[in-house]
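Visitor: For reference, the structure I am asking about is given below.
The values are calculated or read from the model by the stated rules, or taken from the named source; none is laboratory data. In this text the structure is predicted, and so the values were computed from the model without any measurement. Counting neighbours? That spans all protein chains shown, and the Cβs are built from the backbone with ideal geometry, glycine included. For the accessible areas, the whole protein counts, side chains as well, though only heavy atoms, and no ligand, DNA or RNA atoms are used. Shrake-Rupley method; radii C 1.70, N 1.55, O 1.52, S 1.80 Å.
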Amino acid sequence: TQSTWGFSVEQKQAERNRVFFIQRMAIGKNKQLGKSKKGGKGKKIIDPFKNKQKFLVRAPGYFSARNVGATIATKTTGNKLSSDNLKGRVYSVSLADLKSDESQSFRLIRLRAEEVQDTKVLTNFYGLTLTSDKLKSLVRKWQTLIETVIEVKTADNYVLRVFVIAFTQRKTNQAKKTYYAQSSQVRQIRKRISDLVRDTVSPLDLNQSVEKFLHGSVEKSIESATRSIYPLTNVFIRKVKVLKTPKFDLQKLLDTHNESLFVHEDKGTKTVDPKAAKGDKKTGKRDDKRDGKRDGAKGPRKDGDKREGKKDGAKDGKRDFGSKKPEGAFKKDGAKKPEGGAKKPAGSAPAKKDASAPAKKSAAPAAKSAAPAKPAAKAADTKKAAPAKPKAK
C-alpha cells in the first residue's frame, strides 16, 4: 500500500526498526554513563575565571603600537604571586600590528614578559620569524637558495643567532634559462654575509640591533656587498633567536619602555597558622592560652608567681580550694591530718569498724560542735587494735 508521502507502510516500518536497533546498541556501550558518583552528587562546578586577573601586555618603546593585548593569570593567594605566573611568558605578535603597517604582516615578533608593574606586563624582544606562507612563496625553480647561520654577541651581552636566506638572480642580458651559483661562489657569499652581520650587530645593543633588523637595512647592505660575486634577490633575515641574556636590569627595561621607576610591588598576603588562628566558633575570639596568657589573666606573670610548687592563689605551698573541696580532703572543718599517718604493720588485719559508726554519720549534721573529737578517737582505736593481733598468733 502506498502512503501519501510516497513511502509504503512496509518501508516506514523497516525504517522504525532500524532506528530502534541503532538506539538500543548505543545505550549499552558506555557502562559508566548511567552510574552516579559517590554520594549521589557530582563534582561541584566552579567558574574557572572566578580567581583570575587581567593584565595588559606592553611592547617595547621602539614600536609605534605599544598595547599588544591582554593576558590572564591566577590572582595572588598567600605566597603564590600572580607576577610569578606571568614572568617568562612568550607572545607572538605580527609586526603589522606593532607598526600599524600592513606591508610588514609577513614578520612575527616574539616578546617575552620580563616584569610586572601593577596591571602592566613589560616585555622585551625575544625573537623574529618569517611566516610560513612568505617563505614558501620565495622558493622557485632554476635558482640557488643560500642560507647562512651566524652567532653574534651584542654590546650589552645578548647572544643572538641570526638566520639569513637569499636567492640567486638572473644576470643582466642573460640568455640562459637557469641561474645557479657555483659551490665556491656560495661559500664566498656565506662568508661575506656572516662578516657583514657581525660588523653590523656587535657594536650595537639589543634595541638598536632589532631596529636594524626591522627596517631592512641589513638586507640591502648584503645585496650590495655580494653583487660582485653573484647577484642576489629576496634577501631576508629569516629568523632571530635570543640564546643568552645578561643579568636582569630593571632600570634598563623601564628605559626601553619609557616608564617611570617601579611603583607597586605585589608581595602577597601574610599567611597565618590555621592551628594558632583557631578560637571559639560562637564568639569568634582567639584562644589567649596560645599567647602565653591564662583565662582572666591581665598581663604577664610576676616573678613571685613562678612555678616552684605553687599555683595561682597558693600560700606557703598549701592549696586554697575555697568553698569547694577536692576528693580526699577532710570532711569536717578543723580536722588536722595526723603526722605520718597510721602505718599498718606487716600481716596485720584491717581494723574492725565501730558498730556505732552509722549512728554517728546520721547525727553528724545535727551536732557539728562535737566533730573535732571523732577523728582523734578513730586514730586511737586503730593504735590500740594494731598490736593486739600479733599476740593472738
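Visitor: Keeping to region 204-244, report how many residues are open to solvent by 40 Å² or more (accessible area, probe 1.4 Å) and closer than 21 Å to residue 60 by Cα.
Guide: Result for region 204-244: 10.
Visitor: I would also like to ask the following. Looking at residue 57, is it touching a residue at least 60 places away in the same chain (Cβ under 8 Å), out of contact with any helix residue (DSSP H, G or I) (no Cβ under 6 Å at 6 or more places or on another chain) and buried (at least 18 other Cβ atoms within 10 Å of the Cβ)? Let's see the steps before the verdict.
Guide: Details: touching a residue at least 60 places away in the same chain (Cβ under 8 Å): yes; out of contact with any helix residue (DSSP H, G or I) (no Cβ under 6 Å at 6 or more places or on another chain): yes; buried (at least 18 other Cβ atoms within 10 Å of the Cβ): yes.
When the stated conditions are applied, residue 57 passes them.
Visitor: Could you check how many residues of region 138-186 are touching a residue at least 12 places away in the same chain (Cβ under 8 Å) and small (Gly, Ala, Ser)?
Guide: Total satisfying the criteria: 3.
Visitor: Hey, another quick one. Looking at region 83-107 only, could you name the residues that are in a strand (DSSP E or B) and either under 27 Å from the mean Cα position of the chain (by Cα) or surrounded by 17 or more Cβ atoms within 10 Å (Cβ to Cβ) (or both)? Give the derivation first.
Guide: Quick first cut of region 83-107, residues in a strand (DSSP E or B) only: 90-94, 107.
Those that are in a strand (DSSP E or B) and either under 27 Å from the mean Cα position of the chain (by Cα) or surrounded by 17 or more Cβ atoms within 10 Å (Cβ to Cβ) (or both): 90, 91, 92, 93, 107.
Visitor: Next question, about the same structure. So if I check each of 222, 189, which one is assigned to a helix (DSSP H, G or I), among the aliphatic types (A, V, I, L, M), more than 25 Å from residue 104 (Cα to Cα) and in contact (Cβ under 8 Å) with a residue 40 or more places away in the chain? Spell out how you get there, then give the answer.
Guide: On the way: 222 fails: more than 25 Å from residue 104 (Cα to Cα).
Only one candidate qualifies: 189.
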